[in-house]
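Beneath this line is the structure, given in structure tokens, with notes to follow.
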There are 2 protein chains.
Amino acid sequence: MTTYLEISMTLDGFVTGPNVSDQEPMGAEGERIHDWMFAGKTDEQVQAMQDEKFAGIGAVIMGHTTFELGEGPWGDDPAFHAPCFVVSHEAVETIAKQGGTSYTFVTDGIERALEVAKAAAGDKDVQVMGGANLAQQFLRAGLLDELRIHLVHMLLGAGTRLFEELGPKPVDLELVESSQEEGVTHLRLRPTS
Amino acid sequence: MTTYLEISMTLDGFVTGPNVSDQEPMGAEGERIHDWMFAGKTDEQVQAMQDEKFAGIGAVIMGHTTFELGEGPWGDDPAFHAPCFVVSHEAVETIAKQGGTSYTFVTDGIERALEVAKAAAGDKDVQVMGGANLAQQFLRAGLLDELRIHLVHMLLGAGTRLFEELGPKPVDLELVESSQEEGVTHLRLRPTS
């Protein structure tokens, strides 16, 4: 089982556009960051891709803002089909959705969130979903086995950066796998230092 | 003939480390950004790679800081073998080196530098070399036909970012070519919007 960060990032480093809000949860023009998931694919193909991805995932960790912005759009039967752990300052009761998805709030920080996520995931992987702030906490703490970056072939020019405030401590990455699709380069990288 | 930016950038977006100086022209730990050029290669292979690259280049454009930090290390017979145009606020006499390299200072901004570089390059390509500030000027002005990014498989954590202060104006990029080498993903991308 692997703990990995999986996220789509533009070539200029952004994971959302500027001015994130309930109306624009990905920020201005930020929806375009995920266009590659749908480009040239039928609904069935998108669904199959999602199903394949989440089949390997036993638990998901996300930040509170990601949860707040996503819960509505993800609907009553979210694609996760797995327990999700929301790193939060606020204690909230667990929310159960259809199809095996639940949202459990963890108020003791990322190490604790990872501990409960791993326990829930069993032999499966734990996906750290973001947003950027949560990803940075995991990166600084060295808790990720792998980065799965969907490098989107565009410059967004403004927004929220994934890699920020990590501090001057180089981390070497080993490329595990890479592939291309229309509009995106997929990179799987493992920290080796 | 193509006007392209060619530069090595870490996955987290840095083209130099922090604290650039004469002693450390690539900044702290910044030399590691160019390690891929030498890793696992003989001196002859490195030389052949350089020669092949510069054979297609008829002129180079660089910023003043890049020139100041580079002139010494590049030596009396620089690898360029082509006229280099240094975008500068300071009028300085042209400096001639061995092997066809010269440094000519252009004080009228990037459009003028591109004009004289294209005239000097004839049928060959113009390389915009950097630094980051010069690259950003070219990106904002939409003067690049192509980006050749050597995406280095490391997080540097701090330093000078390539893509900064571009403003909230998305630019779509079309992938022309990509390849992998130890420690680096090479991407050639063309702005399409």
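Values in this text are rule-based calculations from the coordinates and carry no lab data. What you see is a predicted model; the values in this text were computed from it and never measured. Glycine gets a Cβ as well: all are built from the backbone with ideal geometry, and neighbour counts include every protein chain shown.
Restricting things to alpha carbons, find the Rg to Rh ratio for the protein assembly as shown using the Kirkwood radius for Rh. Let's see the in-between values first.
Numbers: Rg = 22.9 Å, Rh = 22.5 Å.
Here Rg/Rh amounts to 1.02.
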Check: Counting Lys and Arg as +1 and Asp and Glu as -1, each charge on the Cβ, what is the dipole of the stretch B:37-150 about the Cα centre in debye, to the nearest 20?
Finding: 260 debye
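Can you pick out the pairs among B:53/B:118; A:53/A:124; B:118/B:169; A:97/A:124; A:169/B:169 whose Cα atoms lie more than 23 Å from each other? Mind showing how you got there, number by number?
On the way: B:53/B:118 17 Å; A:53/A:124 12 Å; B:118/B:169 27 Å; A:97/A:124 20 Å; A:169/B:169 31 Å.
Pairs exceeding 23 Å: B:118/B:169; A:169/B:169.
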Checklist line | Residue order, fewest to most beta carbons within 10 Å, for B:94, A:101 | finding: B:94, A:101
Margin query: Can you work out the Karplus-derived ³J(HN,Hα) for every residue in the stretch A:87-102? Use 6.51 cos²θ - 1.76 cosθ + 1.60 with θ = phi - 60°, whole Hz, and x for glycine or proline.
Written below: 6, 8, 8, 10, 7, 10, 5, 4, 10, 9, 10, 6, x, x, 7, 9
Check: At residue B:35, label 7 Å along Cα→Cβ: distances to the other copies, nm, ascending?
Finding: 3.6
Check: Which value, in debye to the nearest 20, describes the size of the charge dipole of the protein assembly as shown about its Cα centre when Lys and Arg Cβ atoms bear +1, Asp and Glu Cβ atoms bear -1, and nothing else is charged?
Finding: 80 debye
Next item on the list: Enumerate the calculated ³J(HN,Hα) couplings along the stretch A:56-68 in order (Karplus 6.51 cos²θ - 1.76 cosθ + 1.60, θ = phi - 60°), each rounded to whole Hz, writing x wherever the residue is Gly or Pro.
Entry: x, 9, x, 6, 10, 10, 9, x, 5, 5, 4, 4, 4
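Tell me, Kirkwood radius of the stretch B:49-175 from alpha-carbon pair distances, in Å? It would help to have the intermediate numbers written out before the result.
Working: mean 1/r = 0.0642 Å⁻¹.
Kirkwood hydrodynamic radius for the stretch B:49-175: 15.6 Å.
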Next item on the list: Return the loop-located GluC sites (Glu not before Pro) in the stretch B:1-101 (DSSP other than H, G, I, E, B) with at most 16 other Cβ atoms within 10 Å of their own Cβ; answer none if there are none.
Entry: B:90, B:93
Next item on the list: Compute the Cα gyration tensor for the stretch A:6-70, then decide on rounded, prolate or oblate, letting a ≥ b ≥ c be the square roots of its eigenvalues: rounded whenever a/c is under 1.5, prolate when a/b is larger than b/c in the other cases, and oblate in all that remain.
Entry: oblate
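Quote the charge dipole size of chain A about the Cα centre in Debye, to the nearest 20; the model charges only the Cβ of Lys and Arg (+1) and of Asp and Glu (-1).
Working: 13 positive and 31 negative charges, 99 e Å.
Using Cβ point charges on Lys, Arg, Asp and Glu, chain A gives about 480 debye.
Quick check on the exposure proxy: order A:74, A:36 from fewest to most C-beta atoms within 10 angstrom.
A:74, A:36
Can you give the relative contact order of chain B as a percent, counting alpha carbon pairs under 8 Å and 6+ residues apart? Walk me through the numbers before you get to the answer.
Numbers: 389 pairs, mean separation 59.2, N = 193.
Answer for chain B is 31 percent.
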